[in-house]
Structures are given as structure tokens and as C-alpha cells.
1. Give me the dipole magnitude in Debye, nearest 20, for the stretch A:356-412 about the Cα centre, with unit charges on the beta carbon: positive for Lys and Arg, negative for Asp and Glu.
2. Among B:I90, B:N6, B:L231, which residue has its Cα furthest toward the positive end of the charge dipole of the stretch B:1-264, with +1 on Lys/Arg Cβ and -1 on Asp/Glu Cβ?
3. List, in the order given, every pair from A:K180/B:K405; A:K105/A:K450; A:K22/B:K462; A:K22/A:K250; A:K105/B:K349 whose Cα-Cα distance in the structure shown is over 27 Å.
4. Evaluate peptide B:403-415: per residue, the Cβ atoms of other protein chains within 10 Å of its Cβ; return the mean as an integer.
5. Per residue of B:425-435, how many C-beta atoms from partner chains lie within 10 Å of its own C-beta, taken as a mean?
6. Check which residues have an amide H placed less than 5 Å from A:L59's amide H, if you skip close sequence neighbours.
7. Taking K and R as +1 and D and E as -1, what net charge do the other residues with C-beta under 11 Å from the C-beta of B:V129 add up to?
8. Give me a single rounded figure for A:134-143: the average over its residues of other chain Cβ atoms within 10 Å of their Cβ.
Amino acid sequence: MYLILLSIFFPVLAGTCLLIKKEAADRRSLLITTGICFVLTGVLVSATLLTAYGTGFTLFYLTQSLPVCFGVDAMSVIFSAMTMIIFLCAGFFSFEYMKHETKEKRYYGYYLIVFGVLNALCFAGNLITFYLFFEMLTLTSMPLVLHNGSREAIMAGLKYLFYSLCGAYAALFGIYFIHKYSDSLSFTAGGVLTSSAMTEHAGLLLIVAFVMILGFGVKAGMFPMHAWLPAAHPVAPAPASAVLSAVIVKAGILAIVRLVYYIFGVSFLQGSWVQTAWLVLTLTTVFMGSMLAYREKILKKRLAYSTVSQLSYILFGLAVMDAGSVTGGLLHVLAHGFIKSALFLCAGAIIYTTGKTRVDELRGIGKEMPLTMWCYTIVSLGLIGIPPTGGFVSKWYLATGSLHSSIPVFSWLGPVILLVSALLTAGYLLPLTIQGFFPGADYDYEHFKKREPSRLMTIPLVILTVLSVLVGLFPTPVIDYLTQIVSTIL
Amino acid sequence: MDFIRNFPCFSIMLCLFAGIISSGVKGRTARWINIVLLTTVTILSACTLFYTLSTGESFVYVMGKFPAPWGNEIRAGVLEAGMALFFCIIMLLSLLGGQHKLIAEVEENKIFLYYVLTNLLLSSLLALVYTNDMFTAYVFVEINTISACGLIMIRQVGRTIEAAVRYMIMSLLGSGLLLLGLCMLYDLTGHLLMSNMKESIAAIVAQGEYTIPLIVAIALMTVGLCIKCALFPFHAWLPDAYGYSTVSSAAMLSSLVSKGYIFLLIKIIYRVVGFDIFNNTRIIDVLFVFGLMGMIFGSLSAIKENDIRRMIAFSSVAQIGYIYMGFGMGTQYGMVASVFHILSHAATKSLLFIAVIGLTDVSGGSRKFIELTGSAYRNKWAGVTFTVGSLSMVGVPLFSGFISKLLFAQAAVQVDGKMLPALIVLGISTILNAIYFMKTVIRIYTPVEETSYPSVTFKDMKLYAIVLVFFIILNIILGISSQPIVDMIEQGLAMFA
């Protein structure tokens, strides 16, 4: 119990203290404090995952029927382990990156708070607790988007806030109904709705389910509420973009997993119009996201559009509701997390050393920063889905799961669109590699200078790259674990 | 402990006498009298609250020698005592928080008048809360109107005089309707004491006589009170009155004066007409619809507004709409949610008004959004407080606004016919709230390159900063430990019946 609480509130408190504290005279002491906080939080989360597995407790009662409770289950382990690894890597990366940004103290403060809030989301034991921290996540991550204070950042932050609040309230709207038609709001594999409500109010509850999926889907950048994502993610400092794009959006995924598999239950939604509509939305997003990314010229924006598309791969897997596809979706949560954070860190490293943001300015970048670009290339292959990287396995499961399911049309249409999107992914990620390593005959081969960034930047990058490859090379333990989860919730 | 039964009457008298004494002293002394008075009444109300909680029942205090059904009575239960306590705290905070503006905006030889009016206002609020007979209620409604007008007009600029006249006209129309309804009820029942009226009305309804006059009387009283507390579409007087008067007045008008009338309406519903009889009339449907419309149109007007004070004033229209939506549901849950929202809105709205004044002060006194850019950096305390208030208004968890929305929604799902419209409008209104409040928060936190306006620190405004901290604490208490408060409200409403 204390470990769970500590892993949530320690980073929040540490972040708050950092915000309140007076500006430190030198950068060093700030970095040391922050670093200690990062490591401690990492240790706390790992300890929680190792020792507190399967436990749960109620913290206090919001109103008589609404307890705020936390617990650790298998799904929490997946999400919080991923969150921790990416947060730590991106955190240490920012020690170097933030040198050329201002207001570092504020950045680390909110970074830590968001870390704590994400842990709370992973450990939330019922829907109302989840909702509390879901709102909190929006508010505390907004300063990361607003960081540089430019007009563009403010507009993006506003957009982020509106979309997120609208989404959250769509979800809250549904929670009211679920509260009425269920025994409790606690996450139970297989759903909590009472059987009488499921037969008598099926129509209403399906609408509620759809509204809630849309609402939580805002965070996961699902069409039609995706427009905030490509605006908000690129304006943040690169390591913040990495966690925004790789982890914070996963809160939306986690929300939908919890909602569909732990609140409504598969049996209620399978074969309903909600599933069909949801499939249409996810496939639209997959295709549209890739298309938009393909047309985008600014690297970080391109990566943000790619996030839109890739998140809907996961959502597609969840929407098919077949054992294979759900496993694939959850595996893609991990694979995409590692890959996308690595990609953003690469973009950050490039911006940090060269100051260039547009893809077409980056000719010959592979000669200047070979290590960074090698990482970029490897994870790009992963995102496209070329073996032996992580993306391949997850997409394999997604496609076979979809074909195995008996949903008319979508069972084959899904894999087709996934393939087309994979081609587009190659189309928008690889040109940078090609131009970077093979700048062409007119490039000045004599005068480029080695500009590899410092170890503080490259080591986190390499760790994430290696992880994304490991997920693909030795997927069996992870898949076994996921299969276990899936067998309980399906 | 039975002497505590004297406290309600004693506090009303104390306020009246303090008003009289203040009219003969200088501004500074009047302020001290006022502060001492408010503290005393707070303590007295707290004692009454604990007394009623410990005995678990309400008590009636007979004024003068005439027993019921002729005499004049005061009645105190958990809800009345709690409300009185809450009103005193909010009034104290609003006055202290707006004190520096008051000194700046009001002519020095008129400041004592401000405190005279405040004391009278408090006496009328307490009377509205505690009274057990309709005639006393009417008398104090008038006192309330007059003192509120004075509070608006005391800052003598053109707009406040206009606002006061508008307020006067609308308010008198409201009291007129209330009086008409009251006369009709007196005709029907032959009583003015609430408990006797209720018995007679129950008898009349049981016999099935005078159905139409009864409904007309109820409708007149309801509409009269609705005009006075600015339910949509009777809200036209509100933005000017709240927007241009001195800030303490605005805070008190929005969080106390209108709430006093709403509380009187609750008393009428429970103690005069009877909850079930009131709910069987179609009036609650009308209230429900007006409440819903208010929630949307109030917010829409606030979005269009370019003046931060008027924006907050319009948001009051929306919040009053929430309260009437709760009435309109016609259930106990709806009523509990409404009463909680009275508390939550009173705490939040006065906080916002007081916080805004800190922001406008560091923007050259301008209330236009463009001038307010970056003001939260110039006055950090006000900036944080305004953000807390905004989050509470939008309904973010941990603040009081979230709990009221939760209670409204829980009440709504119990009523089949009204569930969908209530929840949908609740959703829309929340999003509209988010639009204009978050827009303002972003605006005040947008850094500006160079500014000619000075920054202020804690040293320049100790009292103001402390008041802000108290406001935040109050808001968070309402947001986190809502369960005991809701229990108390339920207990109080049960005592009404």
C-alpha cells in the first residue's frame, strides 16, 4: 500500500517542491536533485511492481458510493513498466537537451508531476479514480506543451486543453450512467454492468459506450478528435514530446482498455454497432495519420502524425476483440512506446546540434551524427514492421488476429489498410535515412564535421533502440505474459 | 446549553444595532465594528450549528409574547445554522479581500455608510435564513434589496448608478410579485407562520379546492424570487451590477444576496407549500427548462464578453441555472445537489471576484483581456487563486465544482424523464465553462516581453494574500471532504419537512 502511494505521490511532491523552490544558482545542483528524484521514483515503481502485485486498497471515499482506490494488476505492470523506462530515458536525455532551453526548473517540476500522475493512472483501481487522474494528467502535462511560451505553443496548449477537457467530459457523462447501471465502478475483468441493465437498457448503454470511447479516444488521438495531437506534441521540448507522444497518449489507450475490457466487458460490445463504428474510426485514423505524416515536411510534426496513425493500430487491435489482435495491440503499446520516444529523441538530438527542423534540410545528417541516425534507422524499420524489430511481431499479431476474427469485411480490410499504412510509414520515415547517409554526388564530403551529441543524449537513445529491438527478437516472454492477461479479459 | 436557542435572534438583533451604531462613527471605527460583528455572528452561528447537530432536531424561537398562530417566530435547524455560518465566513473574506479597493474607490466620508449597509445586509440575510414566518421574510427581502442597491451605488461612477437603478427596478418587481403571491396565500390560508400555512395548504389540496389560485400564488412567489436571483431570462440587470460595483459588493451580491433569495425559495418549497405539492405543479418543469437555458446562455454570453469582471458575472447566470436545474428535478437528491452548489458557487464566485481585482490592479486597472496578458506573473497570488477558481468552475476533481457536478449528475440519473436533457446540458455547459475560464487562465499566464505595469509581492498585500489563501482552503475543503457536508445538508433538509 505504502509503496503504491509513494510511487504516485513522491514524484508529485518532489515536482511540486521543485516548482516552489527558489531558482538554484547553478544548473548542476538542480540536475543532481532532479536526477536523484528520477532514480528514486524509478526504484519506487520497480519495487511496487515487484512486491505489491495483486494488492489493492481504498484511499478515501469521495462520496459514499465513490471510493478512490488503487491496485496493481497485470495490465498496470505493462503500462507502468513502459512509462518508467521511457520517462527515465527521456528524463536523462533532457539533462543535456534542456541546456539550450530556458525555465528548466519548471520543466523538471512538471515532468516529475506528470510521472506521478501517470503512475496513478496505471495503478487506479476504479473508473472514478482513473477519471480523477485523467483530468489531472491533462492539466499537469499542459505546461510541458506551453513550455517555450510562444504564441504557437499557447495556441497548441489551448487546443490540447479544449480537446482533452471535451473528451474527459464525454467520458464523465458516461461514468454517470455506468454508475447507475452497474454494481460498482471497480475494474473487473469481464465488466461490471448488471445483467438486467444490459438487457433492458442495451441501446442506451451502447450509446454511452460509444461516447466514452470517443471521449477517451481524444487522448489517444483517434479520428475525429485527433487535431490537437499534431499541434501540441511538436511544440514541446523534444524529450517532452517523446513522453507526450509515447507515454501520455497511452493513458488514452489504457483508458479504453479499462473501459472496454474491465467495465463494459467484451460480451456486451462484441458484434454491436459500437464495434463496427469504432473499427471504421480506427482504420480511418490509421490511414489518414500516415497520409498526413507523408505530406508533412517538419520532422517533429511528421512524427506526431505518425503517432496518430500508430495509436490507432493499437485501437484497431482492441476493437477487433480477438485474442490475437488484443495481444498484438498491447504488444504494440510497448513497441510503439520505445520506438516513438526514440524517434523523438533523435529529432531532439538533431535539433540540439544543428537547429534544423525540416526534413529536407537534413541532407548528410547521417555523416555528421552517425550513431543518432543509426538509432533512427533501426527504430524506423521497427515502426514500419520489418523483422526482427518490435513492430513486426505486434503487427503480425494484429493482422493474424484480425483475419482470425469473424467480423465481416473488417477481418480482411483491416490487414490491407495496415499494410498500406506500413508502406506509407516507410515512405515518410526512410527518406531521412536515405538522404542522411547518401546525400548525393553534390554533397561536400570534405567539410562535414562530426557532431555527435554527448553521451547523456546518446545512451538513453541507444537503450530505447535496443529495447525496441529486443521486443522483436525475444518476444516470447512478453507475449506469454500478454496472452495470460488476454485470456482473463476475453 | 439551551441558551444557544437565543443565538439566531441575538445575531439578527446584533446586526441591526451594529448598523445603527455604525451610522454615527467614522469609517475606520465602522470597519472594526463590522469585523467584530462578523466574527461574533460566525461564532454564534457555529454554536447554533453544533447545538442543532447534537440535539438532532430544529427548534423554534418565539419572538414577543404572542404564541402561534399569531406571533413572530424564528426557526433554526442544521441547514439554517450552517448557511448562516457559511454566509458570515464568505462575507468576512469578501470584505477583507476587497478592503483596499473600497478605500480607493469610495469617497472617504462615505465609507462608514458602506459598513452600515453591510451590517443591514447581513441582518436581512440572517433573517431570510432563520425566519419562520412569511411576513418577516418579506420585510427583510425589502431591507436586503435596499442595502444591496446601496452597495452597488456606493462607488459613484455612471455605470454603477445605472446598474443600481436597473437592479432596483427588477428587484422591486420581484418583491412585488412575491408580495402578491404572499397576499394570495394569506387569503387562502389565513396564516403567515410557515408551519400553519403548510397545514392549511395541505388541507386545501386534500379537498381539491382552489387549485388554480394556489398554483398562481406559488408561481408568483417563485418567479418573484427568480427575478431577484437572476435566473435566466431575468438576468439582464446582473452583469452591470456585478461588473461595475466595488469588488466586495460584487462578491457579496453574487455569492450571498442571490443565495439568500434562493434559500428563501427552498424554505417556501419545503416549509410553506410542501415539497410534494410543489413538485406536483408544473412549475418545477418550467424551472428545469429555465435552469437548463440559463446554463447554456449564461456561458455563451460569458464567452462573448471582453471584460473579465462581466465575464465572471455572466458565469453566475449559468451557475444559478445549475441550482434551478436541481430544483427542477423534483427529487431530494436534486435539492441536495442544489444546496451544495449554493455553497460551492458562493465560495468559488467570491474567490474569483476577489482574485480578479488583484489581476486588474497590476494591469493599470483595465479589465480588458488584452491588458491582462501576463498579469498572473505580476501578482502571483491572485494568478494562482484565479486558476484554482477557474478549475473549480470547470469542474476539475479535487475542487468544489466537481462535487456539485457529480451530485447533479447523480441526481439526474434518478429521474427518468429529465436524465438525458440534464446530462447533455451539463456536458455542454461544462465545455463552455472550460472555454472561457481556460481562455482567461491562459491569457493571464501568457508572458509579455515588456510591460509598463508594476509587479506586487506578498509584502505589498499581506491581508489580501491571506484572504486568498483562505478562499483556496475553503474551496478545497468543499471539494475533498464533501461527504460530511452533504450529510449535513441531507439532515437539514430532513428537518425542514
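No value in this document is a laboratory result; all are computed from the given coordinates. Values in this document were obtained by computation on a predicted structure and should not be read as measured data. We place every Cβ from the backbone using ideal geometry, glycine too, and count neighbours over all the protein chains shown.
1. Magnitude of the dipole: close to 60 debye.
2. B:I90
3. Beyond 27 Å between Cα atoms: A:K105/A:K450; A:K22/A:K250; A:K105/B:K349.
4. Counting Cβ atoms of other protein chains within 10 Å of each residue's Cβ and averaging gives 3.
5. Taking all residues of B:425-435 together, the mean is 4.
6. Close amide H contacts, sequence-distant or interchain: A:V68, A:C69, A:F70.
7. +2
8. The shielding value for this peptide is 2.
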